[in-house]
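Trainee: One structure coming up, written as structure tokens, with questions to follow.
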Amino acid sequence: MRDHSPEQRDQEEKDFFSCGIWTSLPADIHGIGPLKLRLSNVLRKQIVSVLPSLIEDFEQGIKDCNVRLNRLGDTRGTLQEQRQYLIQISQRVSALVKAAVDGVYVDEYFGDPMTPKGESRRLRAIIQDLLLRFAEDLRRNGQHQKIIPDSDEVADGYVGRIIYHSDYLDHVRDLMRRTRGRELPGTFNPLIIKDLFVEQANPWKALIDRYCRDVLDAFKTSLESAINTATDSKTAEGLLQELLYPAMEKRTSLLHTKVMEVLEPHQRGHAITYNHYFTETIQKARKEHEEKEQARRVRDFFGAGPSEDPIHVNQLISVSQLVGSLGISTEADMDRYACSEATCCMEAYYKVAMKVLVDNFSVLAVEKCMLSNVGDILSPDIVMRLGDDSVSAIAAESESSMLERQRTTEKLKTLQEGLMTLNRFNRLRSAVDADEQSVATPEDGTPSDEGSEDERINEDVMNEENEAASIWDEPEEVGAIEIAHELPPPPFEQLVPLNEGNNSFDWNFGGASNSKKSKKKSRGIPVGVD
């Protein structure tokens, strides 16, 4: 049958199935005609199932192209166009950085906060978290030695230097002996408080330097992200090298200078504070010490152990003996008493100074030196003062940028045309679905003919066939070829039998490479789109 024409083949096939046992089978289930109709219906349903997701892919591709074109900007061949482009970029970057510092994350640039990229662009949130961690870290790990009562036990897994209160008093006694002046027995030189404090606050500088680096890294990452989002890679690199990095170096120098100013009162000079919290802390410490001492004496009087369990008393009590046991004891060792008072004052002053350091580092150093007037780093005024050579070096287009703009523009045009075609198919699908539902349940209750319905659907989409296939034709230009390769496979292929003169069939999807004559000759039954 290879040499037979399609008409001869169809007639011989019809004669074959019209005799013998084939006559007992329905006519719509044998032969190439019904087979093509069934295959067309199966393929049509498959195409319809992926049509919504394909439309979403096209819409996302259009959105990506628009973002890329906005980042590339307009063509800029003259010096005026280049300067105008830099002014636009500076306005965009300044707005993004200011929004990041102010904590207003409404621009789509900030993205999803649950992703690493979205989190890194929220500068205010990062700075707030760093400063809160700094305050907590300073409170927990800022002491050179953690002084604990003699009755306490060191918790398992604790990392840090711990010293019992009695051992620390011995250390203070030794220091007072080495620095004794004209003070009377039982008193201490006020300068001893600053000596003890400086020793206790020794880890502060290392902590504050570490968090300075974290703040600078977060600030740099935020600026680089804003620049890279607003323009192409070449222009972004030029802006970073010419403007952003020099401005960051100035702010970094200001930050380090301010940090040294904030730390200096806690490292040199004498202890000074006018905060009433200092005296309140001393009184509170003395009260806690007295309460613990009274509780110990009561337990000793009743013969109870050191535990905090309630005491059951079932005996006569001498009031005078109880009062005598609760009387205030005196410290016979005057030097030890002076050491205890000096330690109490040092701990109170440490708490006041720690609160002052946290606020000064946050406000005077980070806020004033790094985050204030952040929009001035890349303002339009700075761009206007740039020399012509610097403007050309930064904003002149490279060949890769021009080629990228050309390809992106061609891809955008192709995607927009394809989306229009897909939307027409989608509307047609909705109409066909409504018709099928009405035909499936007619008012008289008689079943509809499936074969005739498939033929009707295929006739409805016949006019859409050529236009749907046209967007998948192979483009001639390089940019369009790249676009065609990036697009997903067509969901509306044209299933066209070739070589109809024999019983072996090749299936052409799209029919883009066939001539109009061969298409008309070998079209067969077109594929419908539901």
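Trainee: Just the number, please: carbon plus sulfur as a percent of the accessible area of the stretch 244-287, 1.4 Å probe, no ligands or DNA/RNA counted. Kindly include the intermediate steps, with their values, before the conclusion.
Mentor: On the way: 1720 of 3030 Å².
In the stretch 244-287, the share of accessible area belonging to carbon and sulfur is 57 percent.
Trainee: Residues of the stretch 10-94: accessible area per residue at 1.4 Å, in Å²? Could you put the intermediate results ahead of the total?
Mentor: On the way: 5130 Å² over 85 residues.
It amounts to 60 Å² per residue over the stretch 10-94.
Trainee: By how many nm would the segment from residue 16 to residue 403 lengthen if fully extended, with 0.36 nm per residue of separation less the alpha-carbon distance? Kindly include the intermediate steps, with their values, before the conclusion.
Mentor: Working: separation 387, 0.36 × 387 = 139.32 nm, distance 6.15 nm.
Difference between extended and current length: 133.2 nm.
Trainee: While we're here: Report the one residue of 54, 125, 87 whose Cα lies farthest in the direction of the positive end of the charge dipole of the stretch 9-155 (charges on C-beta: Lys and Arg +1, Asp and Glu -1; origin at the Cα centre).
Mentor: 87
Trainee: Which of rounded, prolate, oblate describes the stretch 122-219, given a ≥ b ≥ c as roots of the alpha-carbon gyration tensor eigenvalues and a/c under 1.5 marking rounded, otherwise prolate only if a/b is larger than b/c?
Mentor: Details: a/c = 3.81, a/b = 1.88, b/c = 2.02.
Note, shape of the stretch 122-219 comes out oblate.
Trainee: Here is a further query. With the crude spin-label approximation of a point 7 Å out along Cα→Cβ, what separation in nm comes out for residue 91 versus residue 46?
Mentor: The answer from the label model is 5.2 nm.
Trainee: Ignoring ligands, DNA and RNA, what percent of the 1.4 Å accessible area of the stretch 31-115 is carbon and sulfur?
Mentor: On the way: 2510 of 4630 Å².
Carbon with sulfur: 54 percent of the solvent-accessible area.
Trainee: Which residues' amide hydrogens lie under 5 Å from the amide hydrogen of residue 162, considering only partners 5 or more residues apart or on another chain, with H built in the peptide plane?
Mentor: So residue 162 has HN proximity to 146.
Trainee: Moving on to the next point. Accessible area of the stretch 173-227 with a 1.4 Å probe: how many percent of it is carbon plus sulfur? Numbers along the way, then the final one.
Mentor: Details: 1480 of 2810 Å².
The C+S portion of the solvent-accessible surface of the stretch 173-227 is 53 percent.
Trainee: On a 27 Å Cα-Cα criterion, which of the cross-link pairs 36/63; 98/413; 146/355; 194/287; 234/258 come out too long?
Mentor: Details: 36/63 39 Å; 98/413 35 Å; 146/355 18 Å; 194/287 23 Å; 234/258 35 Å.
With Cα atoms farther than 27 Å apart: 36/63; 98/413; 234/258.
Trainee: Which of rounded, prolate or oblate describes the stretch 44-175 when judged by the alpha-carbon gyration tensor and an a/c cut-off of 1.5? Working shown, then result.
Mentor: Working: a/c = 6.01, a/b = 2.21, b/c = 2.72.
Oblate, because a/c is 1.5 or more while a/b does not exceed b/c.
Trainee: A further question on this structure: How much FRET efficiency would the formula 1/(1 + (r/R0)^6) give for residue 237 and residue 424, where r is the Cβ-Cβ distance and R0 is 35 Å, rounded to 0.05?
Mentor: Working: r = 44 Å, r/R0 = 1.27.
With a Förster radius of 35 Å, E is 0.20.
Trainee: From largest accessible area down, sort 276, 4, 30; use a 1.4 Å probe on the protein chains.
Mentor: 276, 4, 30
Trainee: So, for the stretch 119-232, what is the accessible surface per residue at a probe of 1.4 Å, expressed in square angstrom?
Mentor: Values: 6220 Å² over 114 residues.
Ligands and nucleic acids excluded, the result is 55 Å² per residue.
Trainee: Moving on. By how many nm would the segment from residue 364 to residue 171 lengthen if fully extended, with 0.36 nm per residue of separation less the alpha-carbon distance?
Mentor: Numbers: separation 193, 0.36 × 193 = 69.48 nm, distance 3.58 nm.
Roughly 65.9 nm would be gained on extension.
Trainee: Please give the net charge around residue 383, taking every other residue with its beta carbon less than 15 angstrom from that of residue 383, where Lys and Arg add +1 and Asp and Glu add -1.
Mentor: Numbers: positive: 76, 83, 92, 385; negative: 81, 242, 376, 381, 388, 389.
Result for the neighbourhood of residue 383: -2.
Trainee: Something else now. Any chance you could look up the accessible area of residue 293 with a 1.4 Å probe, heavy atoms only, rounded to 10 Å²?
Mentor: Accessible area of residue 293: about 50 Å².
Trainee: Figure the gain on full extension for residue 256 and residue 182 (residue separation times 0.36 nm, minus the Cα-Cα span) and round it to one decimal in nm. Could the numbers behind the result be given before it?
Mentor: Values: separation 74, 0.36 × 74 = 26.64 nm, distance 4.02 nm.
The residue 256-residue 182 span can extend by a further 22.6 nm.
The values are calculated or read from the model by the stated rules, or taken from the named source; none is laboratory data. These numbers come from a predicted model, not from an experiment. Note: ideal-geometry Cβ built from the backbone for every residue, glycine included; neighbour counts use all protein chains shown. The protein model used for the area step is the full one, side chains on, heavy atoms only, and it has no ligands, DNA or RNA in it. Shrake-Rupley method; radii C 1.70, N 1.55, O 1.52, S 1.80 Å.
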